[in-house]
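Notes for the one structure printed next.
The values are calculated or read from the model by the stated rules, or taken from the named source; none is laboratory data. Only a predicted model underlies this, so the values are computations on that prediction, with no experimental measurement involved. Note that each Cβ is placed from the backbone with ideal geometry, even for glycine, and that neighbours are counted across all protein chains shown. The accessibility values were calculated without ligands, DNA or RNA, using every heavy atom of the protein model including side chains. Shrake-Rupley method; radii C 1.70, N 1.55, O 1.52, S 1.80 Å.
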Amino acid sequence: MKNDWFIEFVRKDIKKHGPERDVVVIYENGNGKIKGYQINWFHSPKEDFYLKYGKRITIMNLENLLNELVL
C-alpha cells in the first residue's frame, strides 16, 4: 500500500477529473507495487505506453486505482 499522501493525491484527482477518468498505472519492476500513475488524457491504448514504461503498466480508472491502493 502507498503512503497516505499518495492516496490523498488520487482522491484530489477524483474530485478534479471524476472517478471514471482513465489513468496509466506504472508498477515497479517485479514486485507488483504501484510506482505512480499519469492521466490518460487522450484515451491512448495500452500499447502506446509500452515504449515509455515497458510491460509494467495497466490502464484503469481513478476509482479502481483508489480501491487497489486502500486494499
Open item on the list: Out of Glu68, Glu8, I need the residue that is surrounded by fewer than 16 Cβ atoms within 10 Å (Cβ to Cβ), in contact with a strand residue (DSSP E or B) (Cβ under 8 Å, 6 or more places away or on another chain), part of a helix (DSSP H, G or I) and not aromatic (Phe, Trp, Tyr). Which one?
Closed with: Glu68
TODO: Go through (1) open to solvent by less than 80 Å² (accessible area, probe 1.4 Å); (2) modelled with pLDDT under 85; (3) not hydroxyl-bearing (Ser, Thr, Tyr) one by one and return the number of the condition Phe49 breaks.
DONE: (2)
TODO: Any chance you could count how many residues in the stretch 11-45 are open to solvent by less than 90 Å² (accessible area, probe 1.4 Å), over 14 Å from Leu65 (Cα atoms) and either touching a residue at least 24 places away in the same chain (Cβ under 8 Å) or part of a helix (DSSP H, G or I) (or both)?
DONE: 1
- [ ] Answer yes or no as to whether Gly36 is within 24 Å of Trp5 (Cβ to Cβ) and modelled with pLDDT of 90 or more.
- [x] yes
TODO: List every residue pair whose Cβ atoms sit under 9 Å apart, with the two residues 6 or more apart in sequence or on different chains, where the first one lies in the stretch 46-65 and is under 15 Å from Gly36 (Cα atoms) and touching a residue at least 24 places away in the same chain (Cβ under 8 Å) and the second, anywhere, is among the hydrophobic types (A, V, I, L, M, F, W, C) and open to solvent by 40 Å² or more (accessible area, probe 1.4 Å).
DONE: Phe49/Ile59
